[in-house]
Every structure is written in C-alpha cells, then in structure tokens.
C-alpha cells in the first residue's frame, strides 16, 4: 500500500507526514516504523520490507524520504503489492514522476504554501491484478470505480494493453532478461499465466486491439467495449 505526501512547502509536508504516521499508529499501535532514506536507499531494503511482517503486528509502516528516481518504477511495483504501508515523502515533483506515483498510490496529499490538496487516486494497476487473476467480477467492479474517479477509457485501455503484451512476452520467454521486463514484473506475470492457455492470451490481445480499432472507427464506445472485454476475460 502506497501513500504519497509531496510539495514545495516542506514544513507542511513534514507536519502532514507526522499526522499521517500518528493516525496509522492509532490504528496499529504495535506496528513497527522503519525509515528508508539516503543512508539505506537500496533495492534489497525495499525487497525485505515489502515482503516481511512484524513480530507483534502483521504490518509495518515504512517512511520513504526522497526516493531514488532510478529505483522508482520497480520500487512502486513492489510496494503496491505489499501488505505494509509505504509513506513516500517528497518535495516538488515533475509531471512524469507525479504520474508514476498516482497510478500506484492509494492516497496523495499535495502540500503548497497556504493550502493542502488531498486526492483519492484510483490505482489502475488493480485492474491488471484482476486480469491476471482472471477475476471478471472484480475487474468489472474496479472498472466502475475507475470511471467514478475520473479515469479515462484510454488510460484503462493503456494499462490493460501493457499487461497483455507483458503476458504474451512472458509466456514465450524463459527469463525477465529475455522478456525485457523487470524481474518482479516477470515473476508476478508468470504466476498469473497459470490461469490462461497460450492461445487465450493471444486471443485477448487481439480482442483488446479490435476493441480499440472499432472505437476509433466510431462503431463502439471505448468505455462500453472495455466493459465487454473485462466481462469476457
């Protein structure tokens, strides 16, 4: 689970961080608090804390300060799958970095001088998880939630297309290196492929491509086409 607090107003960011950690500790009094910063900003540290659990409390609270941008994509993929809470604390973010966080985070707080903006963010990758699990009911519910939260059909199509292409690559290769994807993504996708035959993956790729093509020709609304696609996985 990922929370993000960021903004130019560092004093407000710090105050909000303390408030959130305090609120989390009220819910989980025995939860251990860990910090990842410049002293221990390593992939293996994230791997350990995303997969481990506390002795007295099942979940950790992990505060991450100014994450290394070279690790960001892989780190977010690991953290969003974890049962532990990862609270990322950042300064001002560029548009690309902000977008990477927003597709993975449960909540986002942006702190500027004199104001604070809270965003309830829909994690579009929850849809890819439902696809990998071949859970059409959950996929449909998540898609309806995505629409309510303002996620465009194009965004949904993009993330589903990425997952299907990854499934196709992984199904035809023997390693993450050969597939050209991150090890975590490869491993997760490989596990999901137990629910699909090779021809079924190829069929879904073609079906999603046809859905997009038909929508571009004006023969179907992309929103409706995606709903039909998800109900047919």
So what's the back-of-envelope 222 nm ellipticity for the chain, counting only DSSP H runs of four-plus at -39500 (n - 2.57) apiece and dividing by all residues, rounded to 500?
-17000 deg cm²/dmol
For the residue pair residue 177 and residue 136, what label-to-label distance in nm results when each label sits 7 Å from Cα along the Cα-to-beta-carbon direction?
4.0
Which log10 I(q)/I(0) values does the stretch 119-222 give at q = 0.14, 0.18 Å⁻¹ under the Debye formula, counting every alpha carbon as one identical point scatterer?
-0.58, -0.92
How high is the relative contact order of the stretch 125-231, in percent, with contacts defined as C-alpha pairs under 8 Å that are six or more residues apart?
33
Multiply the residue gap between residue 195 and residue 77 by 0.36 nm, knock off their C-alpha separation, and tell me the result in nm, one decimal place.
40.4 nm
Just need the relative contact order of the chain here, percent rounded to a whole number, with Cα pairs under 8 Å and 6+ apart.
19
Treating the angle as unsigned and between 0 and 90°, give the value, to the nearest 10°, between the Cα long axis of helix 198-216 and the longest Cα principal axis of the chain.
90
Linear extension gain, residue 224 paired with residue 38, 0.36 nm per residue minus alpha-carbon span
62.3 nm
Taking every DSSP bridge whose two residues both lie in the stretch 2-120, the antiparallel percent to the nearest 5 is 25
How tilted is helix 72-81 with respect to the longest principal axis of the chain? Cα atoms for both, answer in degrees (0 to 90, nearest 10).
90
FRET efficiency (residue 23, residue 68; Cβ distance; R0 25 Å; to 0.05) is 0.40
Roughly what % of DSSP beta bridges within the chain run antiparallel, to the nearest 5?
25
Which peptide among 160-173, 38-51 comes first, and what is the full order, when sorted by highest mean count of other Cβ atoms within 10 Å?
160-173, 38-51
Rounded if a/c is under 1.5, else prolate if a/b beats b/c, else oblate: with a ≥ b ≥ c from the C-alpha gyration tensor eigenvalues square-rooted, which is the stretch 2-120?
oblate
Could you state the number of Å between the C-alpha centres of the stretch 211-232 and the stretch 3-52?
41
Additional length obtainable on full extension of the chain from residue 106 to residue 148, 0.36 nm per residue less Cα span
13.6 nm
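All of the numbers you see were taken from the coordinates with simple rules; none came from a lab. Because the structure is a prediction, the values reported are computed rather than measured. Ideal geometry is used to build each Cβ from the backbone, glycine not excepted, and the neighbour counts take in all protein chains shown.
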